[in-house]
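Visitor: Let me give you the structure first, and then I'll get to my questions.
Nothing in this text is a laboratory measurement; each read-out follows from the coordinates by a stated rule. Keep in mind that what you see is a predicted model, and the values were worked out from it rather than measured. No Cβ is skipped: glycine too gets one built from the backbone with ideal geometry, and neighbour counts run over all protein chains shown.
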Amino acid sequence: MPRDPLIALRPWESPEVTSWGRLPMSAVDRRDRALCLDGQWRFQLLPSPRHEPGPGWSWAGLPGSWALHVAEDPPRYTNVRMPWPEFPPEVPAANPTGVYEREIDIPADWTGRRIVLQVGAAESVLLVHVDGQPVGISKDSHLAAEFELTGLVRPGSPATVRLTVVKWSDASHIEDQDQWWLGGITRSVLLYATDPLYLADVTVRTRCDGELRVDCRVRSAEATGALPGGWYVSGELDGLGLVQDTEFDRVSKEDERVSDFLGEVRLRTVVPEVRTWTAETPELYGLTVRLHRADGTVADTSHHRIGFREVEIRGRDLLVNGERVYIRGVNRHDFHPLTGRTVSYEEMRADLVTLKRFGFNAIRTSHYPGDPSLYDLADELGFYVVDEANIESHDHAHEIADDPRYLNAFVDRVSRMALRDKNHPSVIIWSLGNESDYGAHHDAAAGWLRRHDPTRPIQYEGAAKLDWAATDDASDIACPMYAPIEDCVAHALSGEQTRPLIQCEYSHAMGNSNGTLADMWAAIEATPGLQGGFIWEFWDHGILQRVNDGRPAGRGGAGLYESGVTAPGHRWAYGGDFGETIHDGAFIADGVVFPDRTPKPVMYEHREIASPVRLSVEGEGSWRVLRVHNKQHFRDLSWLAAEWEFAAADGGSWTVPAQLPHVPPGGSAVVDRPEVPGGAGEIWLTLRVTTAADGSWAPRGTEVCSPQVRWYEADEGEPMVGSEGELGHVPAPETDEDGLLLHPLLAAPPTLSLWRAPTDNDVLGGMAGRWRELGLERPERETVSVERKDATVRVRSRWLTGAGAVEHEQTFTALVDGRILVEETAVLPEELTDVARVGTVFETADGFDRLAWYGQGPWESYPDRAAGAPVGHHAAAVDELFTPYLRPQESGGRHGVRHFTLSGDDHVLAVRLDRPRQVSVTRHRAEELAATAHHDELEPRPGCVVHIDAAHRGLGTASCGPDTSPSYLIPPGVHRWAWTLRAL
């Protein structure tokens, strides 16, 4: 038996033991007065906690995860499954254990003071020793652990601190989140001192009418533990003094709640003309609480930034300050591609600024409490936060939910989260965790929360999972995952809804995804009882990996990636790339930003869906008017500026000034109509809305949204030939013996395309497998006939699939101006339902490097994800059109294209379409994308691969959630399209 009592206790297999020697959690934040112990520590990685450290020390930087720099224990990724077969609470015998050690100089002026060590986060069991003496144990990989060192260290002398972190434990079974398994100390290590008389906790309660209540707990670290006589507490709020609540004191005495070792005081004030806090108007006040000794000197101080706001549920509405608000949220992990779960303050701020700029107003801290700085930033920048406890027992959820050995762990994690974060106005909802079934432990944790903090609602998806209308479970909100919007609407209209419905996860952002997001929000905004949800998720969790040795790039990899594409010799790694035998592949890459924070195209979609300003056209003809709508809940439009932009189909783009009217929250007003020149073609009118002044998350001139309306409409179908004269006596286009078009600027002729490189949704939703079974990837082509007459060649072919033959007809007509008119018809048999696309694919000769188009853009768009891509004239380098999702797949499409031009140094290829179509131009064939696991394995072609689709299937979110809507599926039957090709 080891001599060390902490090892002898085997806390890594003892779920009943959540801590030993750990101090209670508190909302008193002492980071600004602490010594930071981050930096280089001596380090050893042991094969298990039963092993003793030897003489072979190396160095490791804290905070950090050893999996990112130690080859013996690389990162592992699993979603649901545990990475080993043992049942809870057991763990593998091979259990990586990191030992961190360093000397600390204890300041001499700390003599007579209380000394505390804080370890910000350790994955998953932390054992603390000082000078060889056991100090304490802590579990919970995402909350700080504090230990008192007062009697163990001597001010003015050094002390040796050893932090031992055991990677696998009974706690791992309830930290089974969809993320990398890493191991290490991932948040800062601090050392601080207080007076023996200190503030043990401060609880702030506010109301929208300006009422402020501050409850203070006072303790003494003297040997007797008894509080000295005569102490008192004072407070001020931005210069406004607080007064002690004598009625609270009287009631406490009458109820015999006065203690010799715990002092409780309540301070009060009322703020006149209070500025309330919301995500739109994050007004904060500075609160200072001081603890005084009997002689008036200050023993301790606590500073807080607080906001006046109230949260309640009234009927089936979640209200903030009495207003029903939409939750436009995202799920967010702590993640960085170089440092794992260690994220700096500057990086967190950049994350939240990005979210604000793209219209998000809420964060769910999936699936554990975030770094304390996250909440400071959410308070300042304005986010509604669902604060989630570090509980997910996915693989063994049912067994653990009622296992009494884990009861304390559930309550401990929920209560410590609330004790730390309760004073943040941004936190509007507590969450009991994620995907852990539903049992007695959840009821116990909910009971503690309701008693401790009745000012916030509670949510837990597992409690409300089976009955959204229930009223007696541990969730005040129906918060399903990936529920079809049709089901949500039906529930809201059923008359049985009893509480708000806000999806805790929806619209899974894996790869080229987030289809029907605009349709979902149209239904949400049109249906009382539905209030939004949280997209899964913010990040692609790709780790920057060196290709030559398969190791993580680590901290030294900074600067090796840009705009979603890694530098040569590096790639974004996902599950299985570090040799894991149990893993879930690219399912870790499901964010709305790439690992380097580059926004994916869906971010622009969300920005327009969440737009604070909307446009509508009312009336007909000369009586038409423009109406501006303010979709905000709490403020007018005075913080915004705007200009009008026009885009004509056969002309250019131009802008004129715009003056936004005064529109109150939720209101609308007719705006002066700009002068719009008439014309035969369509004209689109866009309101470019920007910030009018510098703000906390955007400098002046930052684009906020671009609502667009069509002012003049074109004909439904554009005639490809304007006059009979264009059909003069010219030679017919040249074809080969099989009827395939020959053209000097084409490397491969235009042929029928029914397939796309499967997206992650296609693969996990089962569509890709079905398409392959039907042979749609490479259907066999049979030429039926080739007919030549005058300037026309008509080619009939048959494409053989597992569901019957697709009849395809192409008619090539030479026009006198040098264009080739291509008219196509494809007839899909009734058995061939739900294909990926119906259209044309061809390849250009070398040398084309730039695309200009009129249609939706400038970023990627698809039929069911096109709301964020305004119609206009756009241009980009061909190499910039492709979107580098971590696993190569269909990408780079542009929706609603009317015409486009490919150009190079020596030649130009112009294409005009019969109506708005889906178009893509890339350097890769679909089969090349489908056969490749990473982008570093792709070899770009010198020419361009061009797709013109008569119909393109929607994207949906079927990798985890609903597929696209039926209206975005491709039916069997007749499909017709036409286009012209011209060399300039």
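Visitor: If you take the square roots of the eigenvalues of the alpha-carbon gyration tensor of segment 684-838 and sort them as a ≥ b ≥ c, do you get rounded (a/c under 1.5), prolate (a/b over b/c) or oblate?
Guide: oblate
Visitor: Among THR339, ILE174, PRO480, which residue has its Cα furthest toward the positive end of the charge dipole of the chain, with +1 on Lys/Arg Cβ and -1 on Asp/Glu Cβ?
Guide: THR339
Visitor: Give me log10 I(q)/I(0) at q = 0.12, 0.17, 0.22 Å⁻¹ for segment 451-552, Debye formula, one equal scatterer per alpha-carbon, no solvent.
Guide: One equal scatterer on each Cα of segment 451-552 leads to -0.50, -0.80, -1.15.
Visitor: Can you list the HN-Hα couplings for segment 180-187, worked out from phi with the Karplus curve (6.51, -1.76, 1.60; θ = phi - 60°), rounded to whole Hz and with x for Gly and Pro?
Guide: 5, 8, 10, x, x, 10, 9, 10
Visitor: Now, a different point. Among THR246, GLY230, THR301, flag the residue with its Cα farthest along the positive direction of the charge dipole of segment 222-341, charges on Cβ as +1 for Lys/Arg and -1 for Asp/Glu.
Guide: THR301
Visitor: Cα convex hull of segment 208-306: how many Å³ per residue?
Guide: Cα convex hull per residue, to the nearest whole number: 117 Å³.
Visitor: Which of ASP29, ASP487 has the fewest other C-beta atoms within 10 Å, and how do the rest follow up to the most?
Guide: ASP487, ASP29
Visitor: To continue, here is another question. Counting pairs of alpha carbon atoms under 8 Å apart in space and at least six apart in sequence, what relative contact order in percent does the chain give?
Guide: Rounded, it is 9 percent for the chain.
Visitor: Between 0 and 90 degrees, rounded to the nearest ten: what's the tilt of helix 407-421 against the longest Cα principal axis of the chain?
Guide: On a 0 to 90 degree scale, this one is about 90.
Visitor: Which one of LEU615, PHE634, GLY681 is farthest out on the positive end of the charge dipole of segment 612-706, using unit charges on Cβ (Lys, Arg +1; Asp, Glu -1) and the Cα centre as origin?
Guide: Result: PHE634.
Visitor: Points 7 angstrom from Cα along the Cβ direction at ARG81 and ALA294: gap in nanometres?
Guide: Placing both labels 7 Å along Cα→Cβ, they lie 6.8 nm apart.
Visitor: Could you check the spin-label model distance between ARG31 and ASP834? Points 7 Å from the Cα along Cα→Cβ, value in nm.
Guide: That separation, rounded to one decimal, is 4.7 nm.
Visitor: In segment 873-958, which trypsin sites (Lys or Arg not before Pro) fall in coil by DSSP and have 15 or fewer other Cβ atoms within 10 Å?
Guide: ARG925
Visitor: Evaluate E = 1/(1 + (r/R0)^6) for ASP736 and ARG710, where r is the Cβ-Cβ distance and R0 equals 51 Å; express this FRET efficiency to the nearest 0.05.
Guide: With R0 = 51 Å, the Cβ-Cβ based efficiency is 0.75.
Visitor: Still on this structure, please answer the following. Applying 1/(1 + (r/R0)^6) with R0 = 25 Å to the Cβ-Cβ distance of HIS398 and ASP472, what FRET efficiency is obtained, to the nearest 0.05?
Guide: Values: r = 21 Å, r/R0 = 0.83.
Once the sixth-power term is evaluated, E becomes 0.75.
Visitor: Suppose R0 equals 25 Å; then what is the FRET efficiency for HIS51 and GLU90 from their Cβ-Cβ distance, rounded to the nearest 0.05? Intermediate results must be reported in sequence, preceding the final value.
Guide: Working: r = 19 Å, r/R0 = 0.74.
Computed FRET efficiency for HIS51 and GLU90 comes out at 0.85.
Visitor: Follow-up question, since we're still on this one. Listing CYS705, CYS208, CYS36 from the residue with the fewest other Cβ atoms within 10 Å to the one with the most, what is the order?
Guide: Ordered from fewest to most neighbouring Cβ atoms within 10 Å, CYS705, CYS208, CYS36 come out as CYS36, CYS208, CYS705.
Visitor: Can you tell me the length gained on complete extension of the stretch THR111 to ALA350, counting 0.36 nm per residue apart and subtracting the Cα distance? Write out the running numbers ahead of the final one.
Guide: Working: separation 239, 0.36 × 239 = 86.04 nm, distance 4.05 nm.
That works out to 82.0 nm of additional length.
Visitor: Taking the number of other C-beta atoms within 10 Å as the exposure measure, put LEU23, LEU35, LEU149 in order starting with the fewest.
Guide: On the way: LEU23 17, LEU35 14, LEU149 23.
Going from sparsest to densest Cβ surroundings: LEU35, LEU23, LEU149.
Visitor: Follow-up question, since we're still on this one. Can you give me the C-alpha center-to-center distance between segment 750-824 and segment 243-302, rounded to a whole angstrom?
Guide: So the separation of the two Cα centres works out to 75 Å.
Visitor: Can you show me the helix-derived [θ] at 222 nm for the chain, built from DSSP H runs with n ≥ 4 at -39,500 (n - 2.57) apiece and divided by the number of residues, rounded to the nearest 500.
Guide: Calculated from helices alone, the mean residue ellipticity at 222 nm is -3500 deg cm²/dmol.
Visitor: Beyond 29 Å between alpha-carbons counts as too far, so tell me which of LYS139/LYS422; LYS356/LYS422; LYS465/LYS631; LYS253/LYS422 fall in that bin.
Guide: Numbers: LYS139/LYS422 21 Å; LYS356/LYS422 23 Å; LYS465/LYS631 31 Å; LYS253/LYS422 26 Å.
Where the Cα-Cα span goes over 29 Å, the pairs concerned are LYS465/LYS631.
Visitor: Give the angle, between 0 and 90 degrees and rounded to the nearest 10, that separates the Cα long axis of helix 345-357 from the longest principal axis of the Cα atoms of the chain.
Guide: 40
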